[in-house]
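The values are calculated or read from the model by the stated rules, or taken from the named source; none is laboratory data. Treat the numbers as computed from the prediction; the structure is a model and nothing was measured. When we count neighbours, we look across all protein chains shown, and the Cβ atoms used for this are built from the backbone with ideal geometry, even at glycine.
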Amino acid sequence: MRTHVLLAIAVAIACSYAGMAEAKKSSPDQTLWSQYSPDGPPGTGYDLDVCGQVGNTSGCYGGGTMLGFDHACAIIEGSARTKGSVMTRDVYVLDERSNENDPGILYVYERKDTFGTNSDTIELNLKKQVTLDLHSGSKGKCFMAASDATIFAGTSASTQLNEIDKKALTATSFNVGLMTSITADDRGNIAIDDANGFGIIPYWNSSAGQGGGGKGYLSNTRNAWVP
């Protein structure tokens, strides 16, 4: 059964990853960082502040506010896209909801930075809400990881693994065991761990996914895997 699930996931993301193998260019916000902080009751809102250095200046240049969530539990950023002095980057917020009868939602925000010689003007706007096949309620621990083409999201209180196509902003779900983690490495390989075992989805060849019993996790050069 697990082999069939891995194969289904592989087929689903094979097309969405086509054409994503271009060499990555350095983003103009390399000397900046994005810091997120809670705004309001737990899980209902978050503030984004962009700080660092631009040209001969340093400090915080602005940001935005993301409000109106039910029980948001995970945030991940997308890769930068640059045209001239303007950089855009998507920000994904997973809301598992408070009531397990309500489906989870992935909120997609677009962050837009307009750079000057010594300045950065930031806009943050909601782009889309993607309804997920995820019924967890606030009792679940959230998991979310991404490659360049896709996002995988789930919780410890649901058996539904959701795969979101970053380009189409559509979601496909797969029935797995109760999840214990979703991890990724720097290259975009994804590891799904659940009650039945684990599965690895390689970024370069989705159809080459492997799985087995026991546990398997991925780490990266920035964040440690903590057993």
Selection within the range 192-208 - surrounded by 20 or more Cβ atoms within 10 Å (Cβ to Cβ), part of a strand (DSSP E or B) and either touching a residue at least 40 places away in the same chain (Cβ under 8 Å) or hydroxyl-bearing (S, T, Y) (or both) = I192, G199, I201
request  = Specify which of the listed residues (T172, T183) is out of contact with any Ser or Thr (no Cβ under 9 Å at 6 or more places or on another chain), surrounded by fewer than 24 Cβ atoms within 10 Å (Cβ to Cβ) and either more than 16 Å from G197 (Cα to Cα) or in contact (Cβ under 8 Å) with a residue 24 or more places away in the chain (or both).
outcome  = T172
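Limited to the range 113-136, what total is found for residues that are closer than 30 Å to L161 by Cα and charged (D, E, K, R)?
3
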message = Cβ contacts < 6 Å: first residue under 14 Å from F115 (Cβ atoms), restricted to the range 53-74; second residue crowded, with 18+ Cβ neighbours inside 10 Å, any location; separation 6+ or different chain. Result?
response = V54/D120; Y61/V50; Y61/D120; G62/I122
inquiry  = Anything in the range 90-111 that is touching a Ser or Thr at 6+ places or on another chain (Cβ under 7 Å), of a type outside the set (V, I, T) and under 17 Å from A168 (Cα atoms)? List them, or say none.
reply    = E110
Evaluation of T150 against (1) in contact with a helix residue (DSSP H, G or I) (Cβ under 6 Å, 6 or more places away or on another chain); (2) under 21 Å from Y46 (Cβ atoms) (one fails), failing number = (2)
note = Counting only strands (runs of 3 or more DSSP E) wholly inside the range 98-151, the ones holding at least 3 residues that are over 19 Å from the mean Cα position of the chain (by Cα) are 105-115, 120-131
Flag if K83 is surrounded by fewer than 18 Cβ atoms within 10 Å (Cβ to Cβ), farther than 23 Å from M144 by Cβ and modelled with pLDDT of 95 or more = yes
